[in-house]
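Quick notes on the structure that follows.
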Amino acid sequence: MAIWNLGSINADIVYAVPRIPAPGETLSSTGRQTFLGGKGANMSVAAARAAAEVKHIGAVGPDGHWAAERLLEYGVGTSNIAEIETETAQAIIMVDPQGENAIILHPGANAEIPHATLQTAMAEAQTGDWLIIQNETNLQRTAAELGKKMGLQVAYAAAPFDAERVLAVMPYLDFLILNAVEAEQLMQATGQSPGDLPVRDVIVTLGAGGADWYGRSSVEHFDAIKVEPVDTTGAGDTFTGYVLAGLDRGMPMGQAIALAIKAGALMVTRHGTADVIPDLSEVHAFHF
């Protein structure tokens, strides 16, 4: 099977800062690095490194050749990444010594993925494949509806959170993943707890608190692995990519979550985004 990812592709410019600045405050950075990023790209790389076949659907500008090439180097299919005139998306990321971050996102090409690119990709998909979407691109509802009609399993990472967008794709979802803040925001918008949503599987990530899985008739909690974080950027995307890769390979949900928790824990011990996502051998060798 395969995972099709309608996903964002960013240039992540990461600044090390002594603390996240307050409004009106100016700080000097202590370091600067540029990485491949975007929630979509991160998830594609994570799933590919977890041994899944991954096909990315997206767009970059004329300045984004390096990003598509980097994805290909990491084992992600890139034939459905369009080059358009709009500049490649950028994320300005500040990371403090405790690993916490603040992010400014410029959508760029992510918001202008051509409809024809999506259609071409979906024509290649097979019944039973996974389709994953997030809130950093256009065409989310179109993709979800088309994927469902074609018999794909549709997954949605509800970030950056927008209640209207979540509600628009909810009827087509098999799998929804969101963090605790997003789950609370969705409950305020719908009046429904995660376990009451009309979605087969819902995962709520809790950071250092682990994760909760709401299945058809049960709730199961998974503890986090205690590590010393240096950078939390991309950890949630790594978790999502690993869960999907596990499910795509036929793992039970609980086993896929346990593997993803290990991958996420290893990820927060590293500085960077897609370029430093651990591969499956590293995750299996990770002892805690």
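The values are calculated or read from the model by the stated rules, or taken from the named source; none is laboratory data. The model shown is predicted, which means the values in this text are computed figures rather than measured ones. Cβ: placed from backbone, ideal geometry, glycine included. Neighbour counts: every protein chain shown. To get the accessible areas, we keep the full protein, side chains included, count just its heavy atoms, and leave off ligands, DNA and RNA. Shrake-Rupley method; radii C 1.70, N 1.55, O 1.52, S 1.80 Å.
With Cβ to Cβ distances under 15 Å as the rule, what net charge do the other residues near residue 261 carry (K, R +1; D, E -1)? Before the final figure, lay out the partial values.
Numbers: positive: 226, 262; negative: 212, 220, 223, 237, 282.
That sum, taken over residues with Cβ under 15 Å, equals -3.
Calculate how many DSSP beta bridges within the range 166-288 are antiparallel, expressed in % of all such bridges and rounded to the nearest 5. Before the final figure, lay out each step's value.
Values: 8 of 13 bridges.
Roughly 60 percent of the DSSP beta bridges within the range 166-288 come out antiparallel.
In this structure, residue 255 and residue 145 have a Cβ-Cβ separation that, at R0 = 25 Å, corresponds to a calculated FRET efficiency of about 0.25.
Residue 26 sits with roughly 130 Å² accessible to a 1.4 Å probe, with DNA, RNA and ligands left out of the calculation. For the range 51-79 and the range 185-255, what is the separation of their C-alpha centers, rounded to whole Å? About 26 Å separates the Cα centre of the range 51-79 from the one of the range 185-255.
Our coupling estimate for the range 275-286, obtained by passing each phi through the Karplus curve with A = 6.51, B = -1.76, C = 1.60 and θ = phi - 60°, is 5, 10, 5, x, 8, 4, 5, 5, 5, 5, 7, 6 Hz, Gly and Pro reported as x. For the range 40-54, backbone phi angles converted through the Karplus equation (6.51, -1.76, 1.60; θ = phi - 60°) give residue-by-residue couplings of x, 4, 4, 5, 4, 5, 4, 5, 5, 6, 8, 6, 8, 7, 10 Hz, Gly and Pro being listed as x. Looking at the range 1-95 alone, DSSP beta bridges between its own residues are antiparallel in about 30 percent of cases.
Orientation-averaged projection of the range 51-136 equals 7.2 nm² [convex hull of Cα atoms, one quarter of hull surface area].
Sequence-ordered 3J(HN,Hα) estimates for the range 109-115 from the Karplus curve with 6.51, -1.76 and 1.60 and θ = phi - 60° stand at 5, 4, 8, 10, 4, x, 4 Hz, glycine and proline given as x.
If I take every Cα pair under 8 Å that is 6 or more residues apart in the range 26-146, average their sequence separation and divide by the length, what percent do I get for the relative contact order?
Relative contact order here is 22 percent.
The convex hull of the Cα atoms of the range 161-273, projected and averaged over all directions, covers 7.0 nm².
Amide H to amide H, with H built 1.01 Å from N, residue 82 comes under 5 Å of 58, 59, 60, counting only residues 5 or more places away or on other chains.
Exposed loop sites here are trypsin sites (Lys or Arg not before Pro) in DSSP loop states with at most 11 other C-beta atoms within 10 Å. What is the longest stretch of the chain lacking them? Here the longest segment lacking exposed loop sites spans 1-215. Note on residue 228 and residue 26: with the Förster distance fixed at 35 Å, the Cβ-Cβ geometry gives a FRET efficiency of about 0.75.
Note the count of lysine pairs whose C-alpha atoms are less than 27 angstrom apart in the chain, limited to pairs 8 or more residues apart or on different chains. For the chain, the number of qualifying lysine pairs is 9. A probe of 1.4 angstrom, applied to the heavy atoms of all protein chains, finds residue 115 with accessible area near 80 square angstrom. Label separation (residue 111 vs residue 98): 3.2 nm, computed from points 7 Å beyond Cα along the C-beta direction. Here the extension length gained between residue 167 and residue 34 equals 44.5 nm, from 0.36 nm per residue of separation less the Cα-Cα distance. Between the exposed loop cleavage positions of the chain, defined as GluC sites (Glu not before Pro) in a non-H, G, I, E, B DSSP state with at most 10 neighbouring beta-carbon atoms within 10 angstrom, the longest gap is 86-288.
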